[in-house]
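The values are calculated or read from the model by the stated rules, or taken from the named source; none is laboratory data. No experiment lies behind these values; they were computed from the predicted model shown. All Cβ positions, glycine included, derive from the backbone under ideal geometry; neighbour counts span all protein chains shown.
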Amino acid sequence: MKHLVFLLFSLITFRDVRSQNLVQNPSFEDTLLCNNNPPQFWLRCNFWSLPTFGSSDCFNTSGYCIEPIPQNAVGFQYPRSGNGYAGFATLVPGSINPYREYLQNELLLPLDSGHKYCLEFYVSCGDKEGYASGNLGAYFSDTIFQVQSGGLLNFVPQIKSPQGLIYDDTINWVKISGELIANGGEQYLIIGNFDPDSLTSFQPMPGNTPGAYYYIDDVALVDCTSVSIAEILKSDDIKLYPNPVKDILYLQVKGGINCSRVISSPPLVSAPTGIRSGIYYIFYFSILCVVCVPSTNH
């Protein structure tokens with residue numbers, strides 16, 4: 001029974017290890033060369049675009065044909081990581097038509113139906129701005145948007161910052177995070193303020209620019225779907241046998257598999273028969289294999 005628990009925990013850990021950030025160019029490091037002008041609706045940060053005519057920005061420490069860091073038109077801030085970040089306006093109080101800026105990313109892969117995804121990103125308020133706001137959200141879609149307007153995108157974001165919370169920190173990076181259950185097929189992420197001015201929380205700030213503007217860095221989206229042991233045992237795609245096990249446990253996955261390479265913590269003593277007890281991360285390959293388990297004297 002100890003052997004069976006050992007392998008099941010390995011499978012669960014594997015699902016965590018394989019999680020990857022689905023946001024491309026998440027910290028805005030990858031930028032276009034100066035002699036390459038981006039097409040309409042696209043930023044100089046690769047994989048990021050503008051869903052509207054709102055003029056969101058890319059910033060980089062190089063400061064060459066791109067907004068400079070740390071001092072720039074909207075404030076002073078260093079990147080949370082790397083050499084770049086982006087920025088967007090969330091509100092211009094008193095404007096006749098609500099003005100918004102958004103950032104749009106083409107995700108690495110479409111989202112899987114029914115899976116839970118965890119999103120996080122970090123913002124810092126530009127210190128030259130006259131306002132700070134709340135109502136920061138993220139909208140996921142299976143369609144890329146290119147709207148010829150600088151106004152409000154009237155979408156209902158699947159993830160949104162807490163109502164009434166205003167992000168007025170101009171020194172530190174503040175995390176915004178949330179979860180969603182995917183419908184399936186979503187491959188585009190839009191970040192911004194999707195609420196009208198009348199429903200947007202804001203407050204005055206010492207700056208002179210008549211709006212609220214935020215730097216953004218380190219955007220991450222991962223599949224955080226949890227899988228229980230009961231779900232693994234019920235699956236027709238995974239078979240563990242024999243049960244009870246004496247010396248060798250076979251792992252079979254429909255469609256081919258597994259574990260031609262095993263990475264362990266603690267390290268292996270001598271593969272494949274001298275495996276210490278512990279949790280082992282199994283990397284899947286398209287072959288069928290035999291998994292050796294700890295002997296009874298370990």
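Within the range 65-105, count every residue that is at positive phi, in a loop (DSSP other than H, G, I, E, B) and small (Gly, Ala, Ser).
2
If you check PHE145 against the conditions, is it of a type outside the set (Val, Ile, Thr) and at pLDDT 95 or above?
Spelling it out, it is not the case that PHE145 is of a type outside the set (Val, Ile, Thr) and at pLDDT 95 or above.
Cβ-Cβ below 6 Å, separation at least six or inter-chain, first residue in the range 23-42 and surrounded by fewer than 16 Cβ atoms within 10 Å (Cβ to Cβ), second modelled with pLDDT under 85: which pairs?
From residues that are surrounded by fewer than 16 Cβ atoms within 10 Å (Cβ to Cβ), the pairs are CYS34/CYS65.
Looking at the range 106-134 only, could you name the residues that are of a type outside the set (Ser, Thr, Tyr), under 13 Å from the mean Cα position of the chain (by Cα) and assigned to a strand (DSSP E or B)?
Listed by number, the residues that qualify are GLU106, LYS116, CYS118, LEU119, GLU120, PHE121.
Among ILE176, ILE232, which is the only one that is modelled with pLDDT of 95 or more and on the phi < 0 side of the Ramachandran plot?
ILE176
Restricting to the range 169-196, count the residues that are surrounded by fewer than 19 Cβ atoms within 10 Å (Cβ to Cβ), among the charged types (D, E, K, R) and closer than 27 Å to GLY94 by Cα.
Total satisfying the criteria: 1.
For the range 135-222, list the strands (runs of 3 or more DSSP E) that sit wholly inside it and hold at least 1 residues that are hydroxyl-bearing (Ser, Thr, Tyr), touching an Asp or Glu at 6+ places or on another chain (Cβ under 9 Å) and in contact (Cβ under 8 Å) with a residue 40 or more places away in the chain; which are they?
137-141, 174-181, 188-192
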